Amino acid sequence: MIASDKNLNVSGVSINSPYASTVEFVNALMPGKPIAALDVGTKTIGLAISDTNLMIATPLETLQRTKFKNDMDKLLSLESYWDLAGYVIGLPMNMDGSEGPRCQSVRAFARNMCQYISLPITFWDERLSTVSAEKYLLETGASRKKRAAKKDNFASSIILQTALEYFQNKKVL
């Protein structure tokens, strides 16, 4: 279904908007379902998933990017398998808080994603998530090859965990 063909609203919020605030995003979620985080890169997409209580993020996998349609087929398959309630997409802000070309690319990915999904989406500042993931993997003694393979899905779990903690601390869950 094309996003423009949908008039679905939850609490007055268009659930196919990639620009939903965190409060709007949480209000649009179906209770008892997990949410996923995406760390969208040029070559890979790191994936993480929450538990159904939206308390704990777990790294899931790293998808190798191909054509957008193929990427969406993989995401839709995961969405169906895990019965997801929504997506948190990492937004690679510059250190000064401004948005550069990578942010524009991720926002475009989210807009295109809305043509395929009807779940709520929100963005989350992902500054230093990949650095933190690499540091964690290095501290655990992971080899260079394993760090390269796992850093994106660990980064997505850091993105998701920080979002979940924010939701809990702000009492929006």
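The values are calculated or read from the model by the stated rules, or taken from the named source; none is laboratory data. This one's a predicted model, so the numbers in the text were calculated from it and none came from an experiment. Reconstructed Cβ throughout: ideal geometry from the backbone, glycine too, with neighbour counts over all protein chains shown.
For this structure, a couple of remarks:
- When restricted to residues that are out of contact with any strand residue (DSSP E or B) (no Cβ under 8 Å at 6 or more places or on another chain), charged (D, E, K, R) and over 17 Å from residue 44 (Cα atoms), the stretch 69-116 contains 3.
- The residues in the stretch 70-115 that are loosely packed, with under 15 Cβ neighbours inside 10 Å, modelled with pLDDT under 90 and either assigned to a helix (DSSP H, G or I) or aliphatic (A, V, I, L, M) (or both) can be counted, and the count is 2.
- Of everything in the stretch 124-139 that is outside any helix (DSSP H, G or I) and touching a helix residue (DSSP H, G or I) at 6+ places or on another chain (Cβ under 9 Å), the residue that is modelled with the highest pLDDT is 124.
- Applying the set (1) under 18 Å from residue 164 (Cα atoms); (2) crowded, with 21+ Cβ neighbours inside 10 Å; (3) hydrophobic (A, V, I, L, M, F, W, C); (4) touching a strand residue (DSSP E or B) at 6+ places or on another chain (Cβ under 6 Å) to residue 45 leaves exactly one unmet item: (1).
- Considering (1) over 18 Å from residue 166 (Cα atoms); (2) at pLDDT 90 or above, the lone condition that residue 13 does not fulfil carries the number (2).
- Residue check for residue 60: out of contact with any Lys or Arg (no Cβ under 8 Å at 6 or more places or on another chain), modelled with pLDDT of 95 or more and outside any loop (DSSP other than H, G, I, E, B): no
- The listed residues are 121, 49, and the only one of them that is closer than 25 Å to residue 170 by Cα, at pLDDT below 95 and in contact with a Pro (Cβ under 6 Å, 6 or more places away or on another chain) turns out to be 121.
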